[in-house]
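Structure, as C-alpha cells:
The values are calculated or read from the model by the stated rules, or taken from the named source; none is laboratory data. Here the structure is a predicted model, which is why all the values come from computation and not from measurement. Here Cβ is always computed from backbone atoms with ideal geometry, including for glycine, and neighbour counts include all displayed protein chains.
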Amino acid sequence: MTTTRAGQRGKDGLRERNKRAMRQRLSDTAARMFIEHGFDAVRVADVAEACGVTERTVFNYFPSKEALVMDRLEATADALRTHLADPTRSPVAAMLRILDEELRVVEAGLTSADDHDQALAGYRRFGDLIRDTPQLRAYQSDTAERFADVAAEVLAARAGLRPADPEPQAAAAALLGLWRIQFRSLRTHLRPGRPIHDGLSAAADEVRRAARLIEGGLAAFPGGAPEDQ
C-alpha cells in the first residue's frame, strides 16, 4: 500500500512529538532525581531505568549527564541565531525578544501547575541544584561562553565583520550579560507566597534597566537598526 504525502507527514509529525515527549520525560525525571538525591549520587543509568529505557537511549537524546538538566539552554542558542540575524531589529531589541520568550516558557511551566507555591518551590530547588553543583555551574558557564560565540558570529555576519573583531565580541558579551541578569533575577523574584506574574514582571523590569545602559553604545553597532532603539 502506498503512503500518501499527508500520511507520511502525519507519521513524521507523530515521530517528532514522541521524541519531544521522551526528551521531556528524561529531563524531568533526571531533574527530580538529582534534586532528591544529589547530582553525584544519581547515574545516567539510574535515570534510564526510571524511564524504562536503556542508558544508550538517554545518550541518544543528551550528550552528557549535565545536559540532562540544562537541556532547555539549547533553545536559547537557536533563538540567538534566528533573532540576532534579523536586520529589522537592533541587537538589544532582538535580545529582549529572546528573553521575553524565555519568560513566557517559565510562566507557562509554573502556571500550569495546580499548586503555584509548590511549583515555585520546585523552581527554587532546581536553581539551588545548579548553584550547589560545581559540574552544573561549569556547564552553565561553558554554555554562556558558547552563546557569546554564537552571538558574535551572527552579529559579525550581519555587520560584514569577522567574529573575532572587537565590535561583535563586545556586543555579544553585553547582550549575554542581559541573559545572566535575567537568570539571577528570576532566582531572586520567583518564590513561594508571591504571585508568579509579579515575580516575572520584576525580573523583566531589571533586565530592561540593564538594557537601557547598553543600548546607547550598541546603537552604533554596524548593521544595527537605530530606529528600534
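Considered as a group, the residues in segment 98-134 that are in a helix (DSSP H, G or I) and farther than 21 Å from SER185 by Cβ include one that is farthest from the chain's Cα centre (by Cα), and that residue is GLN118. Just one residue in the set LEU99, LEU129, LEU103, LEU73 is out of contact with any Asp or Glu (no Cβ under 7 Å at 6 or more places or on another chain), of a type outside the set (Ser, Thr, Tyr) and over 30 Å from ILE214 (Cβ atoms); that residue is LEU129.
Residues that are within 16 Å of TYR139 (Cβ to Cβ) and either assigned by TED's automatic domain parsing to the domain that holds ASP142 or touching a residue at least 60 places away in the same chain (Cβ under 8 Å) (or both) are absent from segment 81-90 altogether. Is one or more of the residues making up segment 135-158 in a loop (DSSP other than H, G, I, E, B) and either in contact with a Cys (Cβ under 7 Å, 6 or more places away or on another chain) or closer than 20 Å to LEU190 by Cβ (or both)? Checking segment 135-158: not a single residue is in a loop (DSSP other than H, G, I, E, B) and either in contact with a Cys (Cβ under 7 Å, 6 or more places away or on another chain) or closer than 20 Å to LEU190 by Cβ (or both).
For the subset of segment 51-64 comprising residues that are out of contact with any Ser or Thr (no Cβ under 9 Å at 6 or more places or on another chain) and under 18 Å from ARG146 (Cβ atoms), which member is surrounded by the most Cβ atoms within 10 Å (Cβ to Cβ)? So, considering only residues that are out of contact with any Ser or Thr (no Cβ under 9 Å at 6 or more places or on another chain) and under 18 Å from ARG146 (Cβ atoms), the one surrounded by the most Cβ atoms within 10 Å (Cβ to Cβ) is SER64. Within segment 19-69, the residues that satisfy the criterion of being part of a loop (DSSP other than H, G, I, E, B) and under 16 Å from ARG125 (Cβ atoms) are GLY38, PHE39, ALA41, VAL42.
The residues listed here are GLY160, GLY127, GLY122, GLY109; of these, the one that is surrounded by fewer than 20 Cβ atoms within 10 Å (Cβ to Cβ), of a type outside the set (S, T, N, Q) and in contact with a Lys or Arg (Cβ under 6 Å, 6 or more places away or on another chain) is GLY127. Of ALA202, ALA172, which residue is assigned to a helix (DSSP H, G or I), of a type in the set (Gly, Ala, Ser) and in contact with a His (Cβ under 6 Å, 6 or more places away or on another chain)? Answer to the check: ALA202.
Being in contact with an Asp or Glu (Cβ under 9 Å, 6 or more places away or on another chain), at pLDDT 95 or above, of a type in the set (Val, Ile, Thr) and not assigned by TED's automatic domain parsing to the domain that holds LEU178 is a property that holds for VAL44. Here is a list of conditions, (1) under 19 Å from GLU101 (Cα atoms); (2) modelled with pLDDT under 95; (3) surrounded by 18 or more Cβ atoms within 10 Å (Cβ to Cβ), and ARG184 meets all of them except one; can you say which number that is? Answer for ARG184: the failing condition is (3).
Taken over segment 68-97, the residue count meeting the criterion of being more than 12 Å from the chain's Cα centre (by Cα) and surrounded by 18 or more Cβ atoms within 10 Å (Cβ to Cβ) is 11. Annotation note: of ILE196, ILE214, the sole residue that is touching a Ser or Thr at 6+ places or on another chain (Cβ under 7 Å) and either under 22 Å from SER141 (Cα atoms) or crowded, with 18+ Cβ neighbours inside 10 Å (or both) is ILE196.
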